[in-house]
Amino acid sequence: IAALPLVNSNPKWIPGTWTKPPVSSVLQRREWAEFVGAAARRYGAGGTYWRAAYQLQFPGAPPPLPVRTWQVWNEENGPKHFHPRPSVRKYAELLGITAQAVKRQDPRAEILTGGLASKPTGKGGINAWKYVRKLMRRRSARRAVDHVALHPYARNVRQIATHTKKITLAVFVCLLSL
């Protein structure tokens, strides 16, 4: 089983709150880049954890499965997790900072968006498919993102299928427009 880490919310040493992305100052951006870079250095391909601690903790264990994909934030299209309200510009910036820091440690690593709530609740929430279209208009996001994640909250399977089709179509349209 491969791990899929979710780098979500600010560590305590980065100024700000856990729901506000660390892109408001040079200090926040630098600290975030150092944080995710250190995680990639430790847990990514060839990471220090796999070369030392893993072997000591689990002698005779199967070969390690380093982290290859990093998920950035969670439900960034809703105000509950991206305070005070969703911002495509700020999230694209966060993706760019994260991708650059991770890929500096592991150029083959992949970046996954946070799971987008299909229809987030709260003031300012943006449907996942609309959010993806806006996000992919930003060059920093297009360069950073390898995969898009969806949280298809729905009342039934039919709604899940509909939400999944809408996000797939939004991504496809974005790819065609490149």
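The values are calculated or read from the model by the stated rules, or taken from the named source; none is laboratory data. As the structure is a prediction and not an experimental result, all values here were calculated from the model. Cβ sites come from the backbone with ideal geometry, for glycine too, and all protein chains shown count toward neighbours. SASA here: full protein model, heavy atoms, side chains in, ligands and nucleic acids out. Shrake-Rupley method; radii C 1.70, N 1.55, O 1.52, S 1.80 Å.
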Dipole check, the range 1-127, charges on Cβ (K,R +1; D,E -1), about Cα centroid: among 72, 107, 15 the Cα furthest to the positive pole belongs to 15
From the Cα centre of the range 68-97 to that of the range 149-178, the distance in Å is 18
Shape descriptor, the range 107-178: equivalent ellipsoid semi-axes (Cα gyration tensor, sqrt 5λ, whole Å, largest first) stand at 22, 13, 12
Other residues with Cβ under 10 Å from the Cβ of residue 48 give, with Lys and Arg +1 and Asp and Glu -1, a net charge of +3
For residue 19, placing the label point 7 angstrom along Cα-to-beta-carbon and taking the range 75-97, residues whose amide nitrogen sits under 17 Å are 75-88, 91
Which of 12/119; 119/165; 20/130; 123/166; 103/166; 90/130 exceed 19 Å between C-alpha atoms? The answer is 12/119; 20/130; 123/166; 103/166
For residue 110, other-chain or 5+-apart residues with amide H closer than 5 Å (H placed, Pro excluded) are 69, 70
Note on the chain: the mean projected area of its alpha-carbon convex hull, in nm², is 11.5
Averaged per residue, the 1.4 Å probe accessible area of the range 37-114, protein heavy atoms only, in Å², is roughly 49
Ranked output for segments 144-157, 57-70, 113-126 by mean other Cβ atoms within 10 Å, highest leading, reads 113-126, 144-157, 57-70
Carbon plus sulfur, as percent of the 1.4 Å-probe accessible area of the chain, comes to 56
Total charge of the residues flanking residue 149 in space, meaning their Cβ is under 14 Å from its Cβ, with Lys and Arg +1 and Asp and Glu -1, is -4
Once phi for every residue in the range 119-127 is put through the Karplus expression 6.51 cos²θ - 1.76 cosθ + 1.60 (θ = phi - 60°), the whole-Hz ³J(HN,Hα) values, with Gly and Pro written as x, are 9, x, 8, x, 5, x, x, 10, 3
A correct Karplus calculation of ³J(HN,Hα) over the range 21-35, with 6.51 cos²θ - 1.76 cosθ + 1.60, θ = phi - 60°, whole Hz and x for Gly and Pro, returns x, x, 10, 7, 8, 4, 4, 4, 4, 5, 4, 5, 4, 5, 5
Residues whose built amide H sits under 5 Å from the amide H of residue 115, excluding neighbours closer than 5 in sequence, are 75
Counting only residues 5 or more apart in sequence or on a different chain, those whose built amide H sits under 5 Å from that of residue 44 are 67
The summed charge of the residue 166 Cβ neighbourhood (under 12 Å; Lys/Arg +1, Asp/Glu -1) stands at +4
For the pair residue 159 and residue 100, the simple spin-label estimate (label points 7 Å beyond Cα toward Cβ) gives in nm 4.0
Scalar couplings 3J(HN,Hα) for the range 95-105 by Karplus 6.51 cos²θ - 1.76 cosθ + 1.60 (θ = phi - 60°), nearest whole Hz, x for Gly and Pro, are 4, x, 4, 5, 4, 5, 5, 5, 6, 5, 8
